[in-house]
1. Give the residue, chosen from B:T98, B:T102, that is surrounded by 13 or more Cβ atoms within 10 Å (Cβ to Cβ), of a type outside the set (A, V, I, L, M), at the interface with another protein chain (Cβ under 10 Å from one of its Cβ atoms) and in contact with a His (Cβ under 9 Å, 6 or more places away or on another chain).
2. When you go through (1) open to solvent by 60 Å² or more (accessible area, probe 1.4 Å); (2) of a type in the set (V, I, T); (3) in a loop (DSSP other than H, G, I, E, B) one by one for A:I482, which number turns out not to apply?
3. Within the range A:421-443, can you find the residues that are crowded, with 22+ Cβ neighbours inside 10 Å and under 19 Å from A:R49 (Cβ atoms)?
4. Which one of A:G148, A:G73 is open to solvent by 10 Å² or more (accessible area, probe 1.4 Å) and at pLDDT below 95?
5. Let me confirm something: among B:Q73, B:Q69, which residue is within 30 Å of A:F207 (Cβ to Cβ), surrounded by 14 or more Cβ atoms within 10 Å (Cβ to Cβ), modelled with pLDDT of 85 or more and more than 14 Å from chain A (Cβ to nearest Cβ)?
6. How about the range A:520-567: which of its residues are open to solvent by 40 Å² or more (accessible area, probe 1.4 Å), among the small types (G, A, S) and touching a residue at least 24 places away in the same chain (Cβ under 8 Å)?
7. Go through A:F275, A:F262 for me and flag whichever is more than 14 Å from chain B (Cβ to nearest Cβ), of a type in the set (F, W, Y), within 26 Å of A:G362 (Cβ to Cβ) and open to solvent by 20 Å² or more (accessible area, probe 1.4 Å).
8. For the range A:499-517, check the following and say yes or no: at least one residue is among the polar types (S, T, N, Q) and free of Cβ contacts under 8 Å to residues at least 60 places away in the same chain.
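The values are calculated or read from the model by the stated rules, or taken from the named source; none is laboratory data. These figures come from a predicted structure and were not determined experimentally. Note: ideal-geometry Cβ built from the backbone for every residue, glycine included; neighbour counts use all protein chains shown. When the accessible area is computed, the model is the full protein with side chains, heavy atoms only, and any ligands, DNA or RNA have been set aside. Shrake-Rupley method; radii C 1.70, N 1.55, O 1.52, S 1.80 Å.
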Amino acid sequence: MSSIAVKKGFGAILWEYLTTVDHKKIAHLYLMGGGFFFLVGGLEALLIRIQLLKPQNTFLSEQTFNEMFTMHGTTMIFLAAMPLLFAFMNAVVPLQIGARDVAFPFLNSLGFWLFFFGGVFLNLSWIFGSVPDAGWTSYATLSLASPGHGIDFYTLGLQISGFGTLISGINFLVTIINMRAPGMTFMRMPLFTWTTFIASTLILFAFPPLTVGIFFLMFDRLFGANFFDVAMGGNAVIWEHVFWIFGHPEVYILVLPAFGIFSEIIPTFSRKRLFGYSSMVFATVLIGFLGFMVWAHHMFTTGLGNVANAIFAVATMAIAVPTGIKIFNWLLTMWGGSIKISVPMLWSLGFIPTFVMGGVTGVMQGIAPLDYQLHDTYFIVAHFHYVILGGVVFAILAGLHFYWPKMWGTMLSEKIGYFTFVFFFIGFHLTFFIQHFLGLFGMPRRVATYLPGQGLELGNLISSIGAFMMAVGAISLVYNIIITVVKNKKVGNDPWGDGRTIEWAIPSPPPFYNFKQTPLVRGLDTYWIEKTEGKKELTPAEPLSDIHMPNNSFVPVVISFGLFVAAFGAMYNPLNQVGDGKSWALPMLIIGLLITFGSMLFRSIKDDHGYHIHKEDLMDDEGGESK
Amino acid sequence: MTNEHVSKTNVREQYEYRRKKNAKEMKLQVVTFALMIFLTLIAFMAVGFSEHIPVKFIAPFILLLAIIQVIFQLYYFMHANHKGHELPMFYMYCGAATAFLTILAFCTIVWW
């Protein structure tokens, strides 16, 4: 296995990506897939804002508007934010813990392809002409009444991509528990690894409820079941509960890794260790724990009763405490540090006040009586965009600049990065700050238009202008990426100069086996400790020896494709609610499942022992170029 | 190999150690098994004497016995008491807590 750089053709590169089980290549795939869906979701957001630009606009019809905000929400949460975070987890976590790959490289690849085919299936609804239109929450009262196959694209697509997320979550749990380098105790793990660990735990416990809920809805609509049909003795409120038992931990699944990214960036550019490391870990665990007992605060107006509302209101406000701990720790990390304002640091500085604002409005909504006023208004829209955009997307953009050199070996332009930040940040606040007031003025969310003369014109105009500024920011980022790829100017191990954790001690991008010798971890901020002792490399924990590597595999693509085919079969089966069952549907469902289970069987009975990189080859290898 | 002799005695010692340990474990398993049968008998008896004991007592009582049975099963027959099972057990408890919370919520605010 020589790793001398050889120029490969496009077909070879494509095949490499289709079959790869290398966590760094899978990170690339997640970044490209998530980035694509991020642009799609952003385009949908722009269309929504154009429709709301002026009163009684007819740019989108009511139906199209419903479809637009449903797909915007669903795409952004499931197909953009989560995969983009998985991109960073895949790229960084194995390196941060000194591992050569994740625990189950095959499953890692399977997780990506399930997400990809699920996302493609969901978005094929635009081509088939019946698009999900019941909101990203898809409440059963509404979604059961939806004509056409829109909701079926939602249930089947999310089911497939949800399997992928669950698989990836379990994979990271096992990786972090079992594959830490010698000396890397739990309390020496970098914060991004910790938050990935807790987020994966939340995935493990939160995704099964989603799977079950979506199965109920799928069977109600496609196979004549009556889980949510009140007339047949079902209970529509159960969907709301099951959805939010998943849905609330989901927002922590998103925001915890985002916190982790900021907890890496802020110490790096303050050139000071993270303030209150153990309290940060404690706060992360506590947020994960509390995240499971607050779901009903999304349902205060459902009519659960005063006692239930009060319990969930108090639990909700309790989450402000660990989050506050984190905010103060970040501030105190910067205090007295030698701060360097780079693009990732700029995003982090923008994140802190933005997220605090989103957090404060969150506590306001936690007050159940006030929530009766705020529920389903633009106040809510403003709140969750402040936390999800201001928290998660800022983290993704910060992480994109911060980890770009480690993922691709080049550096994104700082100048264009500042431009992106200024436009996106100002555009963001312009779009969403005013929406708090639109909500308080009584503008309901998810309504396609509004009347003139109700004091809503100016606010909506400002909001739409802000959305366009964000679009300019996003386009400048795409331009930045393109010119960086074209220039292709390689950088060294530690391009920021102040890297603290293990990943900055190895080449950018790392060789495909990551570490010639597993590093010895002598404390928190491993690489920083070595640097203070004047060393340029990590202390190895083992002698140089052969490395065992897994073989590439095309099977994950086939498994996922089988489910994709089966989903079409399920959708057009003769029992479906829409009543356009096709005779070919059942055979298609069976064939799809046969492809999936057949390829699983093939994988199980075929002996694949992988291969070894020999010691002699490792010694020759300078280790700059991946395979 | 020079240390062949050493490793041979090692193997022997390990074998003895494992034998002793297995014997101890076997004893525990038999005791637990007897206890479990006993608990099952009590559960049957509780239902059998339902004329004399209020039903409101029997149902939670049997559930309690069931929980004890599950714990016996996990710890003595599925070896959760062995070293190295702490994290899996932690996750099992987290999962059980989540499921319990969900069922509790459904019983109190959905199906009241």
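1. On the way: B:T98 fails: in contact with a His (Cβ under 9 Å, 6 or more places away or on another chain).
One residue alone meets the criteria, B:T102.
2. (3)
3. First pass over the range A:421-443, keeping only residues crowded, with 22+ Cβ neighbours inside 10 Å: A:421, A:424-425, A:428, A:431-432, A:435-436, A:438-439.
Within the range A:421-443, A:F424, A:F425, A:F428, A:T431, A:F432, A:Q435, A:H436, A:L438, A:G439 qualify.
4. A:G148
5. Being within 30 Å of A:F207 (Cβ to Cβ), surrounded by 14 or more Cβ atoms within 10 Å (Cβ to Cβ), modelled with pLDDT of 85 or more and more than 14 Å from chain A (Cβ to nearest Cβ) holds for just one of B:Q73, B:Q69, which is B:Q69.
6. Once the filter is applied, which keeps residues that are open to solvent by 40 Å² or more (accessible area, probe 1.4 Å), among the small types (G, A, S) and touching a residue at least 24 places away in the same chain (Cβ under 8 Å), the range A:520-567 yields A:A541, A:S545.
7. A:F275
8. So the first thing to find is which residues in the range A:499-517 are among the polar types (S, T, N, Q), and the list is A:501, A:508, A:514, A:517.
Going one step further and asking which of them are free of Cβ contacts under 8 Å to residues at least 60 places away in the same chain, we end up with A:517.
Yes, there is a match, as at least one residue in the range A:499-517 is among the polar types (S, T, N, Q) and free of Cβ contacts under 8 Å to residues at least 60 places away in the same chain.
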